[in-house]
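Below: the structure, in structure tokens.
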Amino acid sequence: MLAFFILFFERKTASSAWAWILILFFIPILGFVLYLLFGKPLRRNRLNRPVAYENRDFTDLQDRQLAEMKSRSFQPPVALKGKWMDIVQMNAARTDAPLSTASDIQIFNDGKRKFDALFDDIRAASKHIHLQYFILNNDDLGNSLLSLLTEKAQQGVKVLFLYDDLGSSSLPKHFFDAFHQAGGKSAAFLPAMLTSINPRLNHRNHRKLVVIDGQVGYTGGFNVGDEYIGQKKEFGYWRDTHLRIEGQAVHSLQNRFFIDWNQAAEKYPMKYAETYFPKMDHSPGIPMQMVASGPLETHEDIKNGYLKLIHHARESIYLQTPYFIPDKSIMDALRTAALGGVDVQLMIPHLADHLFVHSATLSFARELLEDGVKVFSYQNGFLHAKMLVIDGQAYSVGSANMDVRSFALNFELNAFVYDADSALELADIFRQDRKLSVELIEADFKKQHWMDKAKQDIAKLVSPIL
């Protein structure tokens, strides 16, 4: 009966449905428990609807832009040159992602540099600090950050911290006590109903963003923990990508934080106020969009953005991801690009933090080699970057991995940036990382032990539910 219900009512894709049905038939009792914990889709009524927050300026801007795009009267920034307008229109139509501009973008690929800059910006904050992370650890970095936030709260700065309950499950109950006493507020996203049981394990808020005084924003792949600054021996150097943004685009980050905060913090709902969205200079800047996706959406919006970027490629595609478990549409897009003469290069980590997921990653990478995609295994620690650079002209950086979980199950956030200068900087970073990598070739996989091949094939078979 459960298998029948899954097949016809609950699963979004046939591959996911059949994967769960196979599990239910082969290991019925354990499979039933696993489905209740990991497989049930998230219902919209499980989250508090963000009724306390409405930003008419933001929604009016998006509506106006979309109407102008459809009527072909929209005047894009010069930097767009018309090339990326189909992606811009798709993102504006499907998500809360109007086209905005950044007056400055700073790229971080090193955790110490990123957190040094973040701490400096926090010290300079005078009005509010909004933070959202998937993982917040009770370690040196986590405690240093919370101590600084507590100090700012004591100074009268409004500080809000949203964290994912599962990602930050190691936090002790007293972790936020001093912070709360100083006036700061925290909230857990989709907390466990009981101490150790959470029937919504499969749907986590994987976003990472910070907004300071409505003028400075951060988003990307770094969480908060000692491993992200290279202080954990099992990972070594942690290679990630993060953006520091100034300008109007920060308002999109602020808007997303408000929505997520109000879904999680029922006791302290946020309402629109001009101080959170300060007026800024409308001079030309770097065009970009902040695209969010999650299990409540009918479309996989970040994945669709990836596909649009890939289809635009004429010269090169540089892709970094720690977990490469794409669906057929992504695989076909990369294949056809490589077969059509585009230089497609994929970089994955040599280290594995999830062995089964890493086996699936190797299986998909092996398949792409047959069509001319170059695959590199990063050797200098752990590669956690989520980055896609197209022709050195546009790119996406954010929290979404190139896998089914990020496409459909997690709440994710990615910046789509249409700027040659910063795109070329990221392309250069990719080439530098390539010097610290080993290229994988078909001969490497042919020499593998049959057990390794079997693990990869099995992992690929169940990849729709990883």
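If ILE27 meets every condition in (1) modelled with pLDDT of 80 or more; (2) open to solvent by less than 30 Å² (accessible area, probe 1.4 Å) apart from one, which number is that one?
(2)
Given (1) without any contact (Cβ under 8 Å) to a residue 24 or more places away in the chain; (2) farther than 30 Å from PRO295 by Cα, where does LEU355 come up short, assuming only one miss?
Here LEU355 meets the rest and fails (2).
I want to confirm something. Restricting to the stretch 369-393 and keeping residues that are small (Gly, Ala, Ser) and surrounded by fewer than 22 Cβ atoms within 10 Å (Cβ to Cβ), which single residue is nearest to MET288 (Cα to Cα)?
Here is the first cut: in the stretch 369-393, the residues small (Gly, Ala, Ser) are 372, 377, 381, 385, 392.
Now drop any that are not surrounded by fewer than 22 Cβ atoms within 10 Å (Cβ to Cβ), which leaves 372, 377, 381, 392.
Details: GLY372: 31, SER377: 30, GLY381: 31, GLY392: 15 Å.
Per the stated criteria, the residue is GLY392.
If you go through the stretch 240-260, how many residues are within 23 Å of LEU383 (Cβ to Cβ), touching a helix residue (DSSP H, G or I) at 6+ places or on another chain (Cβ under 7 Å) and open to solvent by less than 10 Å² (accessible area, probe 1.4 Å)?
So the answer is 2.
Being at pLDDT 95 or above, open to solvent by 10 Å² or more (accessible area, probe 1.4 Å) and among the small types (Gly, Ala, Ser) is true for just one of SER437, SER396. Which residue is that? I'd like the intermediate steps shown before the answer.
Numbers: SER396 fails: open to solvent by 10 Å² or more (accessible area, probe 1.4 Å).
Unique residue meeting the criteria: SER437.
Can you name the residue in the stretch 163-175 that is open to solvent by 10 Å² or more (accessible area, probe 1.4 Å) and of a type in the set (S, T, N, Q) and, of all such residues, is farthest from the chain's Cα centre (by Cα)? Lay out the reasoning, then the answer.
Going through the stretch 163-175, the residues open to solvent by 10 Å² or more (accessible area, probe 1.4 Å) turn out to be 163, 165-167, 169-175.
Within this subset, residues satisfying the condition of being of a type in the set (S, T, N, Q) are 169-170.
Values: SER169: 19, SER170: 21 Å.
Once the filter is applied, the top-ranked residue is SER170.
Taking ARG366 and the conditions (1) within 30 Å of ASP96 (Cβ to Cβ); (2) part of a helix (DSSP H, G or I), which numbered condition does it fall short on, given that it satisfies the others?
Of the numbered conditions (1) within 30 Å of ASP96 (Cβ to Cβ); (2) part of a helix (DSSP H, G or I), the odd one out for ARG366 is (1).
I'd like the full set of residues that are in contact with a Gly (Cβ under 9 Å, 6 or more places away or on another chain) and part of a loop (DSSP other than H, G, I, E, B), limited to the stretch 373-399.
Within the stretch 373-399, ASN380, GLY381, HIS384, ALA385, LYS386, SER399 qualify.
Can you tell me which residue within the stretch 277-299, out of those that are under 21 Å from ASN91 (Cα atoms), open to solvent by 40 Å² or more (accessible area, probe 1.4 Å) and modelled with pLDDT under 85, is farthest from the chain's Cα centre (by Cα)? Full working, then the answer.
Applying the first criterion (under 21 Å from ASN91 (Cα atoms)) to the stretch 277-299 yields 284-299.
From what's left, open to solvent by 40 Å² or more (accessible area, probe 1.4 Å): 284, 297-299.
Next cut, modelled with pLDDT under 85 only: 284, 297-298.
Details: PRO284: 27, GLU297: 15, THR298: 18 Å.
Within the stretch 277-299, the match that is farthest from the chain's Cα centre (by Cα) is PRO284.
Does ILE429 qualify as being surrounded by fewer than 22 Cβ atoms within 10 Å (Cβ to Cβ), under 23 Å from the mean Cα position of the chain (by Cα) and of a type in the set (A, V, I, L, M, F, W, C)?
yes
List pairs: first in the stretch 9-26 and closer than 13 Å to ALA408 by Cβ, second of a type in the set (Asp, Glu) and modelled with pLDDT under 75, Cβ under 9 Å, 6+ apart or cross-chain?
As it stands, the answer is ALA17/GLU10, since those pairs meet every condition given.
Surrounded by 15 or more Cβ atoms within 10 Å (Cβ to Cβ), of a type in the set (A, V, I, L, M), in a helix (DSSP H, G or I) and modelled with pLDDT of 65 or more: does that describe ALA79? Spell out the reasoning first.
On the way: surrounded by 15 or more Cβ atoms within 10 Å (Cβ to Cβ): yes; of a type in the set (A, V, I, L, M): yes; in a helix (DSSP H, G or I): yes; modelled with pLDDT of 65 or more: yes.
Yes; evaluated as a whole, the condition is true for this residue.
Check LEU141, LEU160, LEU149, LEU131 and return the single one that is in contact (Cβ under 8 Å) with a residue 12 or more places away in the chain, open to solvent by 10 Å² or more (accessible area, probe 1.4 Å) and not in a loop (DSSP other than H, G, I, E, B). Steps first, answer last, please.
Values: LEU160 fails: open to solvent by 10 Å² or more (accessible area, probe 1.4 Å); LEU149 fails: open to solvent by 10 Å² or more (accessible area, probe 1.4 Å); LEU131 fails: open to solvent by 10 Å² or more (accessible area, probe 1.4 Å).
Every option except LEU141 fails the conditions.
Scan the stretch 319-348 and report the pairs whose first residue is acidic (Asp, Glu) and whose second residue is at pLDDT 95 or above and surrounded by fewer than 20 Cβ atoms within 10 Å (Cβ to Cβ), with Cβ atoms within less than 7 Å and a gap of 6+ or a chain change.
ASP343/GLU315; ASP343/SER316
From the set of residues in the stretch 201-230 that are of a type in the set (Gly, Ala, Ser) and not in a strand (DSSP E or B), which is nearest to LYS114 (Cα to Cα)? It would help to see each step written out before you state the result.
First pass over the stretch 201-230, keeping only residues of a type in the set (Gly, Ala, Ser): 214, 217, 220-221, 225, 230.
Still in the list and also not in a strand (DSSP E or B): 214, 221, 225, 230.
Details: GLY214: 19, GLY221: 11, GLY225: 13, GLY230: 12 Å.
Out of the qualifying residues, it is GLY221.
Hey, could you check the stretch 206-227 for residues that are open to solvent by 10 Å² or more (accessible area, probe 1.4 Å) and in contact with a strand residue (DSSP E or B) (Cβ under 9 Å, 6 or more places away or on another chain) and say which is nearest to GLU425 (Cα to Cα)? Let's see the steps before the verdict.
Looking only at the stretch 206-227, we keep the residues that are open to solvent by 10 Å² or more (accessible area, probe 1.4 Å), and these are 206, 213, 215-216, 226-227.
Still in the list and also in contact with a strand residue (DSSP E or B) (Cβ under 9 Å, 6 or more places away or on another chain): 206, 213, 215-216, 227.
Working: HIS206: 26, ASP213: 28, GLN215: 23, VAL216: 21, GLU227: 25 Å.
Step by step, filter the stretch 206-227, then rank; the result is VAL216.
What residue, among those in the stretch 82-104 that are assigned to a strand (DSSP E or B) and in contact with a strand residue (DSSP E or B) (Cβ under 6 Å, 6 or more places away or on another chain), is surrounded by the most Cβ atoms within 10 Å (Cβ to Cβ)?
Of all residues in the stretch 82-104, those assigned to a strand (DSSP E or B) come to 100-102, 104.
Keeping just the survivors that are in contact with a strand residue (DSSP E or B) (Cβ under 6 Å, 6 or more places away or on another chain) gives 101-102, 104.
On the way: THR101: 19, ALA102: 23, ASP104: 12.
Within the stretch 82-104, the match that is surrounded by the most Cβ atoms within 10 Å (Cβ to Cβ) is ALA102.
Within the stretch 176-201, track down each residue that is touching a helix residue (DSSP H, G or I) at 6+ places or on another chain (Cβ under 9 Å), at pLDDT below 95 and open to solvent by 70 Å² or more (accessible area, probe 1.4 Å).
Passing the criteria: only ILE197.
Failed condition for SER422, given (1) touching a residue at least 40 places away in the same chain (Cβ under 8 Å); (2) over 15 Å from the mean Cα position of the chain (by Cα); (3) not in a helix (DSSP H, G or I), with all others met?
Unmet condition: (3).
Answer yes or no as to whether ARG366 is under 29 Å from MET290 (Cβ atoms) and open to solvent by 10 Å² or more (accessible area, probe 1.4 Å).
On the way: under 29 Å from MET290 (Cβ atoms): no; open to solvent by 10 Å² or more (accessible area, probe 1.4 Å): yes.
Against the criterion (under 29 Å from MET290 (Cβ atoms) and open to solvent by 10 Å² or more (accessible area, probe 1.4 Å)), ARG366 does not qualify.
Inside the stretch 400-419, can you point out the residues that are in a helix (DSSP H, G or I) and in contact with a strand residue (DSSP E or B) (Cβ under 6 Å, 6 or more places away or on another chain)? Step through it out loud before you land on a result.
In the first step, residues of the stretch 400-419 are kept if they are in a helix (DSSP H, G or I); the result is 404-409.
Across the stretch 400-419, the qualifying residues are VAL404, SER406.
The values are calculated or read from the model by the stated rules, or taken from the named source; none is laboratory data. Quantities reported herein were computed from a predicted structural model and do not represent experimental measurements. Please note: Cβ atoms are built from the backbone with ideal geometry, for glycine as well, and neighbour counts cover all protein chains shown. For the accessible areas, the whole protein counts, side chains as well, though only heavy atoms, and no ligand, DNA or RNA atoms are used. Shrake-Rupley method; radii C 1.70, N 1.55, O 1.52, S 1.80 Å.
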